[in-house]
Structures are given as structure tokens and as C-alpha cells.
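Chemist: Can you read through this structure? Questions will come right after.
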Amino acid sequence: MIHGFVAAHGYDPGPSQRPLLSGAISGILATIPAIGVLVLFGSLKVEADILGMSPGLTLAAGCAAMAIAGAAYARFFGRAANAVRGGWLFGMSFGFGLWAAGAVLVLPLLSGGRAPAGGAAVGVAMSLIVWGVGTGILVPFVHRPLHESLETASKRAAVGPDAAAAKKAPIREQRQKTRN
Amino acid sequence: MIRVVALKKAVLAGLCGAAAMEIFSVATRRAGLATVDLITELSSVDFNRLSVLADAAAVFAHLGIGVAWAVFYAFFFWGRFHLRPAVQGLVFALLPATLAIFVVYPELALMRSHAHTITLSLHGFFAPLSPTAVGSLIVSHALFGLTIGAIYRRPVGYAADRKPSPPVWHRVRSQGAHRRETGAGFMFATGIECSYPTVDQGRWRRDEMESTRHYELWQEDFELAREIGITHIRYGPPLHLIFDGPGRYDWSYIDPQMEALRELGPEPIVDLCHFGLPSWLGNFQNPDIGRALEEYAGAFAERFGWVRFYTPVNEMYVCARMSALDGLWNEQLHDEGAYARAAWNLADASIRMSDAILKRRPDAIFVNSESSEFYQPCCPDPEIKAIADAANERRFLPLDLIFAHPLGKRMHDLLCAQGIAKDDIARLGAREVPRRSILGVDYYEWNERLIDREGNAQALGELFGWYVIADQYWQRYRRPMMHTETNKMDADGAPRWLWRQWHNVQLLAKAGVPLVGFTWYSLTDQIDWSIAMSEPVGLVYPVGLFDLNREPRIVGLAYKHLIDLYAGQPDYRECKALKEILR
């Protein structure tokens, strides 16, 4: 159902686009303000403590996770992720979803029920919202220079004259069978 | 832009929705119920030492969350359910209510803790959820949903008595670039969808150029068309915004675009009347529209003397049918006589406009675009056959009038029954049609229809195909032809459709029909395409060469491939049929 709603507005990511790359780059860039929020609320130290890692390693793991999350965001939202007007909102909702699913549900499961509380919990929530807004705002601008040009993309066989035939051309299949 | 969202309306809806929730909370708490007040909850989170600031921040946060949800609703939910707007909002409210109950409210309780970490159990996490809290969260979110649903409606179009801002130049004009001379080359065309009918009994204006943001992004749109290799663009200046009254024109709505097209191309095929009229002219039942539009066409041709190609009135049959027979646009009637009257008025306008243009530009070329249609009876039942015959005769009426083709008895009698004088009909029948007239034949997958056993028309899909249907029009009018519109609502299947339409064009040309051009319509996705804009819903249909973010669709790449492959071929570099028209 969710895919239906997204597909209805987003469709595919676009034939000349590189959604995974642009999403990953945007996701990494958006971690910069998100880290600021984590530090401000003292959440980074708390998360590192819960995960049993050093703050540096926690940051590195967080950046990698956010790169994957950014790529997933751009792929999942498809064309919607390219919208300058709505990107902030889609990113924010994705960040909210990550918080609800990851920080609230998965993190306590991984850490035997330990979860951030008080100001640290506020920081975690705020950082993911900020990350989401940032990613959503950045994707439409990051993906533009990563486009394949119209010139090269239009040369692909899939959009050429063969497209007129049915996807599975029965005549060709028949020939194949005859040869065999 | 993926969805047409009226941002101001969504923001207002979100603010009002959040306010409605708060009013409910305050009222119930004053009544002594221990309901959840989200502002109190938010203000108590780690800010509780500065209560005034905390309250202000919490109010701000709650309003912001309301706005975010309302904009989310506008993007993803509005218009997806066939329910009353307020009920749509109510259904949507299930989502924020669920998240509030199972995630946000328990998490807010954690945030109030003075510890940095806490060890959670499932039971502990959901402990704050008392039945009263859950009940109040459900009711307050229901109020939120009803409020945003009631406020957020009609995201596209505007009140018919209002005008949007005129377009402006956003960037410096391209230095050194100039329009590519098209000469007598085959026309590889697209169009900017420009329909502007009224709905809601003339009170609400649909304006596709506004909805698709062409008024903002027109420079980019023209650039994209040039990048694809488009040689001609079907372009409809917004008549309802330009023509303010007899002798009064506001050219600011079209001057910049026409200047850009003149300088850089593509060459425009100017579409002077596309499914709508200025409000002061009323609707297509008005017998005076011919004279009014004659004046407008003359003024347009005077101002833009360099324009060669014109479509005086686009798809007269569709316009008359939708307005007077199907009751969807403009006069919104359901009457065969009203259809005949609208068709007559439109044809009269088209002829007068052509004559007015020819006075200013004697070598003007007219591309009279019409939707090609065909009705197939499902069975030998005489009644069903009669319905199909009537529909097949009706489709030709406007073109018969402008191309001086003898009318069938049924259509002749229908016009006479509307008070149209036999002499006037005969006058049109004896008229000399301008030599440089091209018959534009539009074709979509629903143009062939089956008259079913109940007498209703059902879309048949591509049964006979453009070749067969267009040939019917060729046999009747014997005018040079152009495929002036096609697209496909299924974006993935669009390249297949494009190439198949193209092969239809090639085959008809090979059969000896003078064909001068082909069109994928339109450059960008369109709004409310499947419901013929009859309701201002704002759904986007992926029929364009580009989406509304101006990112290419796969059919955009396919069309570029096609143009690159054929435009340089001798038969297309110089199109004999077009050369003959231009001589």
C-alpha cells in the first residue's frame, strides 16, 4: 500500500538518474548538522555508551548507516526525492521513520533494552529529523550534476526502435526454438 | 514537483488542524478530563525550567508538526480516496494518530526523564498509555484530520475572476543562440498543455499552464524542448488572461515567451483557443464568440507578425462535447442541441479567426487539430448501430463546417433546429478553405470506442489504430495531415506507444497521404488528465517527455532517439508535403 502511494507520485527514479549515489552523498552531507545536534544534546556519548563503542567509531558507523539510509531514501521516493518543493518534507518523514523504527525500536532491541532518555533522547530524535530534512533538501541539488546526459541516455537500445515490439517477441523466440 | 500541492492552503490547514486539537484538549481538561495536551507534553520535555519560553516553543512545535502533516497529506493522500474532503482527512488522521499513540507519546515520557539512559521493557515503554490518553489522542487526531480535510481542497486552478501573476524572465537570455531554421523539414513536435476550461458552473478556472508551473518555468521548458530536438511546439497563449474585453489585451502574459520562441525556437504552432473562454465571454453557447475571437486573432497576428503556424481553435469537437454534451466544462450542459450550437459557434470562430489572421499574414498556415474518434457498435442491434452512427456523424460536425464538407442530414437538421439559418450553413459549405490548411489528427488509446449493449461508449484501446482512423479523416477531407497529439498514461509503456504511433505515421505517408508532422503531447506531465480536468484534484499523470520536476521520462529519451534517427534522413529533412504547403 505504501509503495502504491509513493509510486503514484514518484514513479521510477528517472531513466537518466543515479538515485543511489546521489542519496548516499546527500545522506553523508546531512550527517554534519545531525552530528552537531547529537553533540549539543550530549546524545553522541550516550549512544556510544549504549552500543559499547567509542564516540569516534560510533560516528563512523553512523555516517556509513546514514549513507545507506540516504541511498534507500532516494531509491524509495524515486522522482519525489527530486522535488525541491517537497524534498524537505519527504526527507523529514523518512528521518522520522528512521527514528521511530531505529532509535525507538531497533536500538533498544540491540542493546538489551537500553535506550536514550531525557535530553539524550531529544537529541537523537532531533538529529534524525535534522538529518532527514537535510537529506531531503540536498538530493534535488546533488543529483543534478550526477545525471547521465540526454545525449547518451537516449542512445540506449531500450528506448530505440525495438521498443515498438512486444517485450517478449514471439517471432524471435520461435526462431530460437527452430535453431535449437 | 511531483504532486500539485497548494502549499498555502496546506499550511493553513495544518495550523487550523493543530489549533483544533489544542482547543479540544483545553476544553476537555477544563471539563475535568485527564486528556492528553500535546503542548503541555512538549513543553515539559527538558525545557521545564523556563516555562514561558517552553510553552511558546511547544506551541510553535505543535503548529509546525501540524503543518508538516498537512503538507504530507497534500502530497500523498489528498485525492487518492473517492471520499468527501473532510472524510479523506479523517481517514488520513489514522496515520498520525497511530504514530502518536505507539511511538511519540511513550517516547515523550522517556524524554521527560532526568536520566541519560533507561532500561526499557515493552510494558514499561507503553505504561503511559492510559485508556483516557489513548481515547483523547484518537479524538484529537480525528479533529485534526477533519479540519485539514475540510480546508485543503481544490489545490489546482483558481477562482474564475482572479488572475495569476504574469510570467517573467528568470535568467539572462542565451547569448549568441538563435532559432534553428525549420524550413520545409518534417515537424517533430511537442506541446505545452494549455487547457483553460472552467468547471463548477464557471466559477473555477482550470489552467494547466499554471498547474504545471509553466508560467514560472517556461524558459526551462523551451530549453528542454530544444534539447530533445523538437522543431515545432504547439503553444497556447492563455486567452482568458490576455483578452480582457473588446479592444483590451494584457500581453504581459505572453510577450516574454513569444520573444523567446522567436529568438531561440522551437517554432510555435500558436493555439489561440483551447477549451476555454475569458469569463466576460461566458461560454460556447454565446453566439458572439466568433466576432470576439476574430478580433483577438487579428490583434494577435498584428502583434506577433512573425508567427506562421496557427491552430485557431483546438479540438472543436472535444470542446463542444465536453462542454455541452458531457457536462464537464464551461456551460456544463447535457444536450445534443447545445452540442450543435457549441460546435457551430466554435467552427464560426475558427473560420473568422483564420480570415482575420490571413489579412495580417497571407501566408499563414493553419493546423486544425481535432481528436480522431471512432465508434464501433458491439452487435447488429439496430438501436446500438444507430447510436454508433450518430456518434460517428457527430464527431465530424465541426471539421465539416470549417472544411466546407457537405453535412449529413442529421447534423444539418440539428443545426437548423438550433435556429441556425440554412443560408448560413450553405455559406460555410460554399466557402473556399485556405490553401495552407493542415488537418491535425490527435489519437489516444481511448479514441476508439465500443457502443455496448446498454448504448454506452466504452474505450476499446488501440483496435484499428491511428492509421485506419486517420485514413477515415483523410478520405473525408483530403487535406495534408499531421499527427498532432498522442501520449500514454503508462510511463513504462510510453516508448512502445511512441514508436508504434510513429510507424502508423510512416505507413500512412507511404500510402500516399501528405503527412507533415508528428507530435508527442505534451512536454511535461499533465494534471487530472484521466478525469479531463473535470475536478480540481491535482493528480499528476506521467504522460510527458519530462516530469514536473523537469526530469526526463523514458519516453523523452525515446523521442530524442527517434528524432536523431529520422530528422537527418532526406525524406524528413525536406518534407515534400510541407514544401507543397509552403510554396
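Chemist: Under a plain spin-label model, where a point goes 7 Å from the Cα along Cα-to-Cβ, how far apart in nm are B:D335 and B:E263?
Modeler: Going by the 7 Å Cα→Cβ label model, 5.0 nm.
Chemist: Shape call for segment B:422-577 from the C-alpha gyration tensor, a ≥ b ≥ c root eigenvalues: rounded (a/c under 1.5), prolate (a/b greater than b/c) or oblate?
Modeler: oblate
Chemist: Here is a further query. Give me a comma-separated list of calculated 3J(HN,Hα) values for segment B:309-318, in order, Karplus coefficients 6.51, -1.76, 1.60 applied at θ = phi - 60°, integers in Hz, x for any Gly or Pro.
Modeler: In residue order, the calculated couplings are 9, 9, 10, x, 9, 7, 6, 4, 4, 5 Hz.
Chemist: Sticking with this structure for a sec: Using +1 on the beta carbon of Lys and Arg, -1 on that of Asp and Glu, and nothing else charged, what's the dipole of chain B about the Cα centre, debye to 20?
Modeler: Once rounded to the nearest 20, the dipole reads 600 debye.
Chemist: Then there is this: From the phi of every residue in segment B:282-295, what ³J(HN,Hα) in whole Hz does the Karplus formula 6.51 cos²θ - 1.76 cosθ + 1.60 yield, where θ is phi - 60° and glycine or proline is x?
Modeler: x, 9, 6, 7, 6, x, 8, 5, x, 5, 5, 6, 4, 5
Chemist: On a straight-distance basis, which aspartates and glutamates could pair with B:K510 in a cross-link, Cα separation under 14 angstrom, same-chain partners fewer than 8 positions away excluded?
Modeler: Counting by Cα, and skipping residues close in sequence, B:K510 has these aspartates and glutamates nearby: B:D471, B:D571.
Chemist: With loop defined by DSSP as not H, G, I, E or B, and exposure as at most 11 other Cβ atoms within 10 Å, which is the longest segment of chain B clear of exposed GluC sites (Glu not before Pro)?
Modeler: That gives B:182-431 as the longest site-free run.
Chemist: If you don't mind, another one. What share of the DSSP beta bridges in chain B is antiparallel, in percent to the nearest 5?
Modeler: Looking only at bridges with both residues in chain B, the antiparallel portion is about 25 percent.
Chemist: Also: For B:R453 and B:H170 in one chain, what is 0.36 nm times their gap in residues minus the Cα-Cα distance, to one decimal in nm?
Modeler: 96.3 nm
Chemist: If you average over every viewing direction, what projected area does the convex hull of the Cα atoms of segment B:242-374 give, in nm²? Let's see the in-between values first.
Modeler: Values: hull surface 32.7 nm².
Quarter of the Cα hull surface area: 8.2 nm².
Chemist: Roughly to the nearest percent, how much of the accessible area of segment B:158-582 is carbon and sulfur, given a 1.4 Å probe?
Modeler: Carbon-and-sulfur percentage of accessible area, whole number: 49.
Chemist: Which parts of segment B:118-138, residue by residue, lose 10 Å² or more of accessible area when the rest of the protein chains are there, as against the chain isolated (1.4 Å probe)?
Modeler: Residues shielded by partner chains are B:I118, B:T119, B:L120, B:F125.
Chemist: Measure up B:K8/B:K163; B:K9/B:K163; A:K155/B:K579; B:K488/B:K576 against 20 Å on the Cα-Cα distance and list the ones that go over.
Modeler: With Cα atoms farther than 20 Å apart: A:K155/B:K579; B:K488/B:K576.
Chemist: Under 26 Å Cα to Cα from B:K409, which lysines show up? Leave out anything in the same chain fewer than 8 places away.
Modeler: B:K385, B:K422
Chemist: Ignore the peptide's own chain and count Cβ atoms of other chains within 10 Å of each Cβ in A:81-91; give me the average, rounded.
Modeler: 5
Chemist: Counting only helical runs of four or more DSSP H residues, what would the 222 nm mean residue ellipticity of chain A come to if each run contributes -39,500 (n - 2.57) and the total is spread over all its residues? Don't skip to the end; give the middle numbers.
Modeler: Details: 9 runs with 121 residues, N = 180.
For chain A, the value works out to -21500 deg cm²/dmol.
Chemist: Could I ask something else about it? Rg and Dmax of segment B:1-141, using alpha carbons, in Å: what are they?
Modeler: Calculated on Cα positions, Rg and Dmax stand at 16.3, 49 Å.
Chemist: Return the carbon/sulfur percentage of the accessible area of segment B:7-151, one whole number, probe 1.4 Å, all protein chains in place.
Modeler: C and S fraction of accessible area: 72 percent.
Chemist: Using a 1.4 angstrom probe on protein heavy atoms only, which residues from segment A:133-165 are buried by at least 40 Å² of accessible area when all chains are present rather than their own chain alone?
Modeler: Buried-area filter returns A:L150, A:S154, A:V159, A:P161, A:A163, A:A164.
Chemist: Computed FRET efficiency, Cβ-Cβ of B:A404 and A:D12, R0 41 Å: what is it to the nearest 0.05?
Modeler: Efficiency computed from Cβ-Cβ geometry: 0.25.
Chemist: Turning to a different aspect of this structure: Ordering A:F96, B:F300 by how much accessible area each has at a 1.4 Å probe, largest first, what is the list?
Modeler: A:F96, B:F300
Chemist: Moving on. Quick one: Kirkwood hydrodynamic radius for the protein assembly as shown, alpha-carbon pairs, angstrom, one decimal?
Modeler: 28.9 Å
Chemist: Roughly speaking, what is the stretch gain from B:D413 to B:D244, that is 0.36 nm per residue apart minus the C-alpha to C-alpha distance, in nm to one decimal?
Modeler: 57.3 nm
Chemist: From the square roots a ≥ b ≥ c of the eigenvalues of the alpha-carbon gyration tensor of segment B:158-582, which class results: rounded (a/c under 1.5), prolate (a/b over b/c), or oblate?
Modeler: Details: a/c = 1.34, a/b = 1.17, b/c = 1.14.
Rounded, because the longest to shortest axis ratio a/c is under 1.5.
Chemist: Related question: Binning every alpha carbon pair distance of chain A at 5 Å from zero, what are the percents per bin?
Modeler: 1, 8, 14, 17, 14, 11, 9, 7, 5, 4, 4, 3, 2, 1, 0
Chemist: Per residue, what accessible area does the protein assembly as shown have, given a 1.4 Å probe and all protein chains present, in Å²?
Modeler: 41 Å²
Chemist: Of all DSSP beta bridges in the protein assembly as shown, what percent run antiparallel (nearest 5)?
Modeler: 30 percent
Chemist: At a probe of 1.4 Å, how much accessible area disappears from chains B and A on forming the pair, both sides counted, to the nearest 100 Å²?
Modeler: On the way: alone 24700 and 10980 Å², together 31050 Å².
The summed interface area works out to 4600 Å².
Chemist: Hey, what number do you get for chain B at 222 nm if only DSSP H runs of n ≥ 4 count, each worth -39500 (n - 2.57), divided across all residues, to the nearest 500?
Modeler: Taking each H run of at least 4 residues, the total per residue is -14000 deg cm²/dmol.
Chemist: Using alpha carbons only, how many angstrom separate the centre of segment B:307-326 from the centre of segment B:1-45?
Modeler: Here the answer is 48 Å between Cα centres.
The values are calculated or read from the model by the stated rules, or taken from the named source; none is laboratory data. Every value quoted in this text rests on a predicted model; they were computed, and no experiment measured them. Please note: Cβ atoms are built from the backbone with ideal geometry, for glycine as well, and neighbour counts cover all protein chains shown. Side chains are part of the model used for accessible areas, which takes the heavy atoms of the whole protein and leaves out ligands, DNA and RNA. Shrake-Rupley method; radii C 1.70, N 1.55, O 1.52, S 1.80 Å.
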